[in-house]
Amino acid sequence: MFLSVFDMFKVGIGPSSSHTMGPMVAAARFLDELRNSPFKFHGLRASLHGSLAFTGIGHATDRATVLGLAGFIPETYDSAKADAAMAEIVRTKTVTPKGFGALAFDPKNDLKFDFGPNLPGHANGMILMATDAQGDVTYQQTYYSIGGGFVMTEEELAEGKDTDEGDPVPYPFKSAAEMLEMANIANKSIAEMKRANEIARGCTESLRSGTARIWQVMNECINKGLSHGGILPGGLNVRRRAKGIHDALLAERGMNLSAPHTINDWMSVYAMAVNEENAAGGQVVTAPTNGAAGVVPATIRYYLDHVPGAKESKVEAFLLTAAAIGGLVKFNASISGAEAGCQAEVGSAAAMASAGLCAVMGGTPKQVENAAEIALEHHLGMTCDPVKGLVQVPCIERNGLGAIKAVSAASLALRGDGQHLVPLDACIETMRQTGVDMSDKYKETSLGGLAVNIPNC
């Protein structure tokens, strides 16, 4: 099993990797299919299904789909250009992606929210259609946004492409048990094995520059979140709190008045800064998703700013280790809130972050596996119930607590020798089973939990 660090950590836009980035990616893929078609098309249509329909407005799925059909992609997204394009699309009822003339598309009439049964492949389904001059559908494709910005067509999902192993790599572990066995035999760390796998698919320089870029975007996102106040968009009137908390923490420094538990506030504020930026539609890195994007960068920032002897040169090893754990979770269970609840998002992120922190603090592979297991175990059963379908409540604070759990899990693991009762593989399988049994009300539909118990929402 191989999942690149650059698949697990992707630069994109908020507020959701599955509901914003995924539909935009799907639309770009659809345009590519049309470009390769011998037929001439005159218009486009789209329908959103399952969780994409139920929480699509709050997650900006409609906007992402429209902009995707206009040629926008997450990696190069420019908010000012997007705003101008949306206004023009609404005015002209057409989109003009590169390589086409004007294609008829009225967002009010040609984009449908289907609140019926889910499409068979996944809770996040969408159908994109192209029409002829008479308005008849002459080509269509079904896409599934399976979490973390990953997109599969109906055919790809049916063929098992979501678990495709690809070309051979030096250390092809599919489970934590295999990972530990390989580490023991090769006398290598998890990061070293992951690095060897990445190099087998690319080159050393692109790995070094790519991971540096990932951390740069993560850190810039934290800094932006710490410097901006105001109200988040969407109608809940949620205040951005990270700046105020950070300012207060800075003011308390050097006063010898802070209680030891104040370090939790630092971890929380780093994570909240990221998720406030995400909620505002800013640039974030999926880690492994947008809804859980604050946990990993907050843990890295905690390590660099608060752990004696921390070195930025170790961030690459942190990310490689975290990606190895995230790959195991995705391959054997899910990182999609619409599929398995928030245990699959913040729970997975906490497991990844705790593993990364344990590794850069000198943990053995067994201790790293233990850290990931502790963090994931104590998110089992966590539901995804965003109020008003927005990635704000409880998502923003939940990332802060996820970072605290990640650091605590790493610390506990480092106090032991790696021996523990519950293997990470068993914990991942438990999460998968829990997700299967979990009611759809609690899987990113906003039909249960906090989403229905907050007045006037």
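The values are calculated or read from the model by the stated rules, or taken from the named source; none is laboratory data. Bear in mind that the values here come from a model prediction, so they are computed numbers and not experimental data. Positions of Cβ are backbone-derived with ideal geometry, glycine not excepted, and every protein chain shown enters the neighbour counts. Just so you know, the surface numbers come from the protein's heavy atoms only, side chains and all, with ligands and any DNA or RNA stripped out. Shrake-Rupley method; radii C 1.70, N 1.55, O 1.52, S 1.80 Å.
Of all residues in the range 371-380 being in a helix (DSSP H, G or I) and open to solvent by less than 10 Å² (accessible area, probe 1.4 Å), which is farthest from residue 452 (Cα to Cα)?
Residues of the range 371-380 that are in a helix (DSSP H, G or I), as a first pass: 371-377.
With the extra rule that they be open to solvent by less than 10 Å² (accessible area, probe 1.4 Å), the set shrinks to 371-373, 375-376.
Details: 371: 34, 372: 32, 373: 32, 375: 28, 376: 27 Å.
Ranking the candidates gives 371 first.
Taking the criterion of being touching an Asp or Glu at 6+ places or on another chain (Cβ under 9 Å) and of a type outside the set (Val, Ile, Thr), the residues of the range 216-236 that qualify are 221, 224, 225, 226, 228, 232.
I need the full set of residues from the range 38-57 which are open to solvent by 30 Å² or more (accessible area, probe 1.4 Å) and either assigned to a loop (DSSP other than H, G, I, E, B) or in contact with a Gly (Cβ under 8 Å, 6 or more places away or on another chain) (or both), in order please. Across the range 38-57, the qualifying residues are 38, 39, 40, 42, 54, 57.
Answer with yes or no whether residue 319 is surrounded by fewer than 24 Cβ atoms within 10 Å (Cβ to Cβ) and either polar (S, T, N, Q) or in contact with a helix residue (DSSP H, G or I) (Cβ under 8 Å, 6 or more places away or on another chain) (or both). First the steps, then the outcome.
On the way: surrounded by fewer than 24 Cβ atoms within 10 Å (Cβ to Cβ): no; either polar (S, T, N, Q) or in contact with a helix residue (DSSP H, G or I) (Cβ under 8 Å, 6 or more places away or on another chain) (or both): yes.
Considered against the rule, which asks whether it is surrounded by fewer than 24 Cβ atoms within 10 Å (Cβ to Cβ) and either polar (S, T, N, Q) or in contact with a helix residue (DSSP H, G or I) (Cβ under 8 Å, 6 or more places away or on another chain) (or both), residue 319 comes out as no.
Residue-level analysis places residue 338 among those that are of a type in the set (Gly, Ala, Ser), in contact with a strand residue (DSSP E or B) (Cβ under 7 Å, 6 or more places away or on another chain), buried (at least 24 other Cβ atoms within 10 Å of the Cβ) and in a helix (DSSP H, G or I).
No other residue among 68, 50, 43, 99 is more than 21 Å from residue 390 (Cα to Cα), small (Gly, Ala, Ser) and modelled with pLDDT of 95 or more apart from 43.
Answer yes or no as to whether residue 251 is on the phi < 0 side of the Ramachandran plot, aliphatic (A, V, I, L, M) and open to solvent by less than 10 Å² (accessible area, probe 1.4 Å).
Values: on the phi < 0 side of the Ramachandran plot: yes; aliphatic (A, V, I, L, M): yes; open to solvent by less than 10 Å² (accessible area, probe 1.4 Å): no.
So residue 251 fails the test.
Counting just the residues of the range 68-93 that are open to solvent by less than 40 Å² (accessible area, probe 1.4 Å) and farther than 15 Å from residue 283 by Cβ, which one comes out farthest from the chain's Cα centre (by Cα)?
89
Of all the strands (runs of 3 or more DSSP E) wholly in the range 111-171, which have at least 3 residues that are touching a strand residue (DSSP E or B) at 6+ places or on another chain (Cβ under 6 Å) and open to solvent by 20 Å² or more (accessible area, probe 1.4 Å)? By residue number, 111-114, 137-147. Checking the range 195-216 against the condition returns no match, with no residue being farther than 27 Å from residue 426 by Cβ, outside any loop (DSSP other than H, G, I, E, B), touching a Gly at 6+ places or on another chain (Cβ under 7 Å) and open to solvent by 20 Å² or more (accessible area, probe 1.4 Å).
So that you can scan it fast, the table gives a plain yes or no per residue for (1) in a loop (DSSP other than H, G, I, E, B); (2) surrounded by fewer than 24 Cβ atoms within 10 Å (Cβ to Cβ):
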| site | (1), (2) |
| --- | --- |
| 21 | no, no |
| 28 | no, yes |
| 59 | yes, no |
| 64 | no, no |
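When residue 223 is tested against the conditions (1) open to solvent by less than 60 Å² (accessible area, probe 1.4 Å); (2) part of a helix (DSSP H, G or I), the lone failure is (1). For the range 231-248, filtered to residues that are in contact with a helix residue (DSSP H, G or I) (Cβ under 9 Å, 6 or more places away or on another chain) and in a loop (DSSP other than H, G, I, E, B), the residue that is surrounded by the fewest Cβ atoms within 10 Å (Cβ to Cβ) is 235.
Please pick out the residue among 364, 434, 383 that is out of contact with any strand residue (DSSP E or B) (no Cβ under 8 Å at 6 or more places or on another chain), under 30 Å from residue 449 (Cα atoms) and among the polar types (S, T, N, Q).
Numbers: 364 fails: under 30 Å from residue 449 (Cα atoms); 383 fails: out of contact with any strand residue (DSSP E or B) (no Cβ under 8 Å at 6 or more places or on another chain).
None of the others qualify; the one that does is 434.
Does the range 225-247 include one or more residues that are within 30 Å of residue 175 (Cβ to Cβ) and modelled with pLDDT of 95 or more? Please lay out each step first, then the result.
From the range 225-247, those within 30 Å of residue 175 (Cβ to Cβ) are none; that's our starting set.
No, the range 225-247 contains no residue that is within 30 Å of residue 175 (Cβ to Cβ) and modelled with pLDDT of 95 or more.
Give me the residue from the range 251-269 that is modelled with pLDDT under 95 and polar (S, T, N, Q) and, out of that set, nearest to residue 400 (Cα to Cα). Only one residue tops the list, namely 258. Residues that are in a helix (DSSP H, G or I) and surrounded by fewer than 18 Cβ atoms within 10 Å (Cβ to Cβ) within the range 172-191 comprise 177, 178, 181, 182, 184, 185, 186, listed in sequence order.
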